[in-house]
Amino acid sequence: MVIVGHPDDADFGPAGAASAWIAAGAEGWLVCCTSGDAGGEDPNLDPLDLARAREDEQRRAAEIVGYAGVTFLHQPDGGLVNDLPLREMLVKEIRTFKPDAVFCGDPEVVIHDGGGINHTDHRAAAMAAVDAVYPAARNPMAFPWLMRDGLAAHRVRRLYLMWSNQPDVWIDVSATADRKIEALRSHASQLAEPEAVFARVRGRMSEQGERIGVASAEGYRLVVLDQDPEERSEAQVAGTTEKAGA
Ligand SMILES: [Zn+2]
């Protein structure tokens, strides 16, 4: 599951990894907290018209990436707040789709390494996603009415934080880099100079690829919440051996 602030964030973000995993048999779902109704330069533009257009763009991009579906939470663009109502909406999404892994922003990034302010909606969406994953989605006593409505607690095992200043894992997206660019192309309302943007995104992917010796990659900060059962037993065996050795 990918949780982001705006339509297009997921395609600038984890579209390469998402489409690679989906191509390999995973199921993906995208959650956009806002519909990008403030994503323009013209104050006379009807924000609802823009929101509709951007939802259409995101749905087209989501088809290219291969998500099973997209949820728009219709929160205000530029006014997203990590509050209890937003977290409840995200917990509902998580408990409905039951993802093993969630991709979201890194809530600790206010200023990107190399410059640039991380948009307030990106920060709010990232913090809300992290808080929804842990503890709320896995705690049956958080939003207890959800449980009574049949949405059982769910444990997300891994969080992949995109646009982080401290990436520590890289996912090979060499096979899906082109698809990521095609998905980005869907966001026509946001692309004044598409080719320049695509070149920048491709450059970033190949830069990241160099870290692991592949053509293209995306870097993430990984948070492991629950290890896979096999990994856990391996860790236990390792622990036992260590103790025996000591
Ligand atoms: Zn954005």
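Indicate the gyration tensor shape class of the stretch 14-152 (rounded, prolate or oblate), computed on the Cα atoms with a ≥ b ≥ c the square roots of the eigenvalues: a/c under 1.5 is rounded; otherwise a/b larger than b/c is prolate and the rest oblate. Write down the numbers at each step before the final one.
Values: a/c = 1.45, a/b = 1.27, b/c = 1.14.
Verdict is rounded for the stretch 14-152.
Suppose we keep just the DSSP beta bridges with both residues in the chain; what percent of those would be antiparallel, to 5?
About 40 percent, rounded to the nearest 5.
Taking a ≥ b ≥ c as the square roots of the Cα gyration tensor eigenvalues, with a/c under 1.5 meaning rounded and otherwise prolate when a/b beats b/c, else oblate, which class fits the chain?
Details: a/c = 1.89, a/b = 1.25, b/c = 1.51.
Oblate shape, in that a/c is at least 1.5 and b/c is the bigger or equal ratio.
To the nearest 20 debye, what is the magnitude of the charge dipole of the chain about its Cα centre, counting +1 on the Cβ of each Lys and Arg and -1 on the Cβ of each Asp and Glu?
Numbers: 24 positive and 39 negative charges, 154 e Å.
The calculated dipole for the chain is roughly 740 debye.
Which whole-Hz couplings ³J(HN,Hα) result when phi for each residue of the stretch 15-24 is put into the Karplus expression 6.51 cos²θ - 1.76 cosθ + 1.60, θ = phi - 60°, listed in order with x for Gly and Pro?
Each residue's phi maps through the Karplus curve to give 4, x, 5, 4, 6, 5, 5, 5, 4, 7 Hz.
If amide H atoms are built 1.01 Å from N in the plane of the peptide, which residues on other chains or at least 5 residues away come under 5 Å of the amide H of residue 36?
77
What's the longest bit of the chain with no exposed GluC sites (Glu not before Pro), using DSSP loop states and at most 16 other Cβ atoms within 10 Å as the test?
On the way: sites that count: 27, 41, 108.
It runs 109-246.
Coordinate-derived values only; no laboratory data. For clarity, every value in this text was computed on a predicted model and none was experimentally measured. As a convention, Cβ positions derive from the backbone with ideal geometry for all residues, glycine included, and neighbour counts pool all protein chains shown.
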